[in-house]
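One structure is given here, and the rest of the page talks about it.
The values are calculated or read from the model by the stated rules, or taken from the named source; none is laboratory data. Everything numeric here is computed off the predicted structure, so don't read it as measured data. Cβ coordinates were reconstructed from backbone atoms using ideal geometry, including for glycine residues, and neighbour counts include every protein chain displayed. Keep in mind that these areas ignore ligands, DNA and RNA; they rest on the heavy atoms of the full protein, side chains included. Shrake-Rupley method; radii C 1.70, N 1.55, O 1.52, S 1.80 Å.
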Amino acid sequence: MTQGELPGPGPDERMLPKGRRNKQGIRIDPEAEAEHQPERALLSALVKHEPGVLAEVSGLFSRRQFNIESLTVGATIDDDFARMTIVIEEPRPGIDQAKKQLEKLIPVISVRELDRDAVQRELVIVKVNGTEPDKVNAITDMYNGETMDAGPRTITIQLTGDHQKIDDALDAYRQFGIREIARTGYSALARGEAPTAQVSEPNQAPTDAQTATEEAADD
């Protein structure tokens, strides 16, 4: 050891910490670096029933470039509130971010990601060529659909069900030639007595209907 040197192994002999690091020596987290596969998530948002709420929510998703499959809004048992059902397909970090951003909006009372077993339905109206009415009717019966209109050239059918059932039915109708499709998007509620949305902010008092729902869930 020469004068001025410290005891110990040389730079090439020292043990290095495990894991990848960048040029500044900061450890790279492999989980944060990993690519997340897109997931399909069903979000239910209880919002104030007032003008501009739909535009505000859709504008948020547009600015953040979230991939929306469908967005529906409708009345609830309380005239002051509406329920939005939003289906998005994003990696898990994007889904979590979407929920956080929704919760920050002033008109939004509550946001919940529903489980896969939630009661969820979509309605579709499909118009197909009517050259083979017996075969079309057979498929309609198979998927518990209803014929809304039948003429010499077209047949219009109404179907309700989950995403997979609707897609399977449409695939079956394609052999006849589909002329037009109108899909409503999802409506959904949590299964059982669990409330779909709860008022969680202390400055947003629950309605009588929500209080009754939450008390039933607690029991």
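Considering the stretch 18-48 alone, what residues qualify as being over 14 Å from residue 98 (Cβ atoms) and either in contact with a helix residue (DSSP H, G or I) (Cβ under 7 Å, 6 or more places away or on another chain) or at pLDDT 90 or above (or both)?
The answer is 46, 47, 48.
Examine the stretch 150-168 for a residue that is at pLDDT 90 or above, part of a strand (DSSP E or B), open to solvent by 60 Å² or more (accessible area, probe 1.4 Å) and among the small types (Gly, Ala, Ser), and state whether such a residue exists.
yes
Provide a single number: the residues in the stretch 169-188 that are buried (at least 16 other Cβ atoms within 10 Å of the Cβ), more than 11 Å from residue 123 (Cα to Cα) and touching a Ser or Thr at 6+ places or on another chain (Cβ under 8 Å).
Counting residues in the stretch 169-188 that are buried (at least 16 other Cβ atoms within 10 Å of the Cβ), more than 11 Å from residue 123 (Cα to Cα) and touching a Ser or Thr at 6+ places or on another chain (Cβ under 8 Å) gives 2.
Determine which member of the set 106, 125, 95 is open to solvent by 60 Å² or more (accessible area, probe 1.4 Å) and not in a strand (DSSP E or B).
Every option except 106 fails the conditions.
So, in the stretch 106-149, of the ones that are of a type in the set (Gly, Ala, Ser) and under 21 Å from residue 184 (Cβ atoms), which residue ends up modelled with the lowest pLDDT?
The selected residue is 118.
Test of understanding: among 90, 56, 50, which residue is over 30 Å from residue 147 (Cβ atoms), in contact with a Leu (Cβ under 8 Å, 6 or more places away or on another chain) and either of a type in the set (D, E, K, R) or surrounded by fewer than 17 Cβ atoms within 10 Å (Cβ to Cβ) (or both)?
56
Only one residue in 72, 140, 85 is open to solvent by 10 Å² or more (accessible area, probe 1.4 Å), β-branched (Val, Ile, Thr), on the phi < 0 side of the Ramachandran plot and not in a loop (DSSP other than H, G, I, E, B), so which one is that?
So the residue among 72, 140, 85 that is open to solvent by 10 Å² or more (accessible area, probe 1.4 Å), β-branched (Val, Ile, Thr), on the phi < 0 side of the Ramachandran plot and not in a loop (DSSP other than H, G, I, E, B) is 72.
Search the stretch 95-116 for residues that are over 13 Å from residue 60 (Cα atoms) and among the basic types (Lys, Arg) and pair each with any residue that is modelled with pLDDT of 90 or more and part of a helix (DSSP H, G or I) when their beta-carbon atoms are under 9 Å apart and the residues are at least 6 apart or on different chains.
112/99
Failed condition for residue 131, given (1) assigned to a strand (DSSP E or B); (2) open to solvent by 50 Å² or more (accessible area, probe 1.4 Å); (3) in contact with a helix residue (DSSP H, G or I) (Cβ under 8 Å, 6 or more places away or on another chain), with all others met?
(1)
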